[in-house]
Amino acid sequence: MRRFAWMIWPLLIAIPSAAADAGPATCFAVSGEVAYWGSTLLNQWRGVNRSLYGELQSFAPEAFQGWACVDMRQWDSGNTTRDKHAQIMFEVERYPEACYLLQETRLRSTSVWIRGLMEIHGVQRPLIIEGRLERQGSDFRLKAQFLTRISDWGMKPPRLMAVMNVRDETRVEIDATLRPTPCGRVRRGSGSGGSPPVSKAIVYEAYCSFCHMPQGQGQGYYPPITHVATFLRHPEGRSYLARVVLYGLFGPIEVGEKKYDGFLMPPFGEDIDDEMLARLLNEILFILSPSPPSGVLPYTPEEVRRYRNPPALPSDMWHIRQKIVRDLRQSSPS
């Protein structure tokens, strides 16, 4: 099969010639859903997005122009953490929609071939989609499926829970309805106006909340992290907070009055780039902390990049933590 755009939306379909006979310009509103099949080595899942919208205009038999978009914040795979990873990968705050511009269509019986230009994650690529188009009363319905690669769109497949790599290749399914509508009724941006806002702690929610809980309160073997701003009182504390995320932590620790024997935090350095790491640290310090530190500058990607060297092991970070905790206790007033 050809490689096509992932989780996508390209549904501007060729309408049978009978539709074009209605006049010089016949328009159809596009609606429906797009689904993808994602997988790791251990499991497979299906994500659905029901925000598909757009408009197709027919000027002559098999001659069409139009567009369709999807709100990238509305993927639902049945797993909130997994969907947060997808939002991060797509950078939905920067690229909230993915859209397709129709350029050419070909129709043979109920088979449809469509050529167009797809834009997703700020990357534009030619995209061809093939499917079946069938009349349902005055409407038409398109069903199609195809393969694509996440890396084709300038993105890196995420690692779920920092241990399971998502496969690059993904299968996509489309189920769209075209309904006659006055031309110009559907406008770009009208499909995402009611979308829920993106969480301010989206990186934390995707990578940390499963263990440390949504508000950083901790659970069971996993300590709370709402106290970590206290490390900034130490000269090495700022680098430690960044490096412990990069390289992990292994060893018995104490938080408050509770001991966590043999605590293990996995390293995230290979999964989180500098911009994402800076954002994660700022979310923890300024959003999740009950008392955000005053006079503390936010982390920047340029700063955290320096903390990637020298490399360290989780056990190394445990020794650094012990030194910082000991120094802070000695310097605190009795």
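The values are calculated or read from the model by the stated rules, or taken from the named source; none is laboratory data. Predicted, not measured: the structure shown is a model, and the values here were computed from it. Using ideal geometry, Cβ is built from the backbone for each residue, glycine included, and neighbour counts are taken over all protein chains shown.
At a glance:
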{"item": "Boolean, N282 is assigned to a loop (DSSP other than H, G, I, E, B), free of Cβ contacts under 8 Å to residues at least 24 places away in the same chain and within 23 Å of V203 (Cα to Cα)", "result": "no"}
{"item": "Any chance W37 is closer than 22 Å to E169 by Cβ, in contact with a helix residue (DSSP H, G or I) (Cβ under 9 Å, 6 or more places away or on another chain) and of a type in the set (A, V, I, L, M, F, W, C)", "result": "no"}
{"item": "Residue match in the stretch 262-281 (condition: assigned by TED's automatic domain parsing to the domain that holds H227, more than 25 Å from H85 (Cα to Cα) and out of contact with any Ser or Thr (no Cβ under 8 Å at 6 or more places or on another chain))", "result": "yes"}
{"item": "Test result for E254, acidic (D, E), part of a helix (DSSP H, G or I) and in the same structural domain as D316 (by TED's automatic domain parsing)", "result": "no"}
{"item": "Test: V70 is closer than 28 Å to R279 by Cα and outside any strand (DSSP E or B)", "result": "no"}
{"item": "The lone exception for R73 - which of (1) surrounded by 14 or more Cβ atoms within 10 Å (Cβ to Cβ); (2) farther than 30 Å from D271 by Cα; (3) of a type outside the set (F, W, Y) it fails", "result": "(2)"}
{"item": "Residues located in the stretch 213-228, provided they are surrounded by 14 or more Cβ atoms within 10 Å (Cβ to Cβ) and either outside the structural domain of I253 (by TED's automatic domain parsing) or assigned to a loop (DSSP other than H, G, I, E, B) (or both)", "result": "M213, P214, Q215, G216, G218, P223, P224, I225, T226, H227"}
{"item": "Residue within the stretch 251-264 that is of a type outside the set (A, V, I, L, M), within 24 Å of I88 (Cβ to Cβ) and at pLDDT 90 or above present", "result": "no"}
{"item": "Number of the exception - P10 against (1) modelled with pLDDT of 50 or more; (2) outside the structural domain of P126 (by TED's automatic domain parsing)", "result": "(1)"}
{"item": "Answer residue from the stretch 122-169, given it is of a type in the set (S, T, Y) and surrounded by fewer than 15 Cβ atoms within 10 Å (Cβ to Cβ) and is modelled with the lowest pLDDT among those", "result": "S138"}
{"item": "Subset tally (residues that are surrounded by 16 or more Cβ atoms within 10 Å (Cβ to Cβ) and in contact with a strand residue (DSSP E or B) (Cβ under 9 Å, 6 or more places away or on another chain)) for the stretch 275-315", "result": "1"}
{"item": "Selection count, the stretch 313-334, where residues are over 16 Å from H227 (Cα atoms) and aliphatic (A, V, I, L, M)", "result": "3"}
{"item": "Unique match (being more than 18 Å from G256 (Cβ to Cβ), surrounded by fewer than 18 Cβ atoms within 10 Å (Cβ to Cβ) and either at pLDDT 90 or above or of a type in the set (A, V, I, L, M) (or both)) among S195, S239", "result": "S239"}
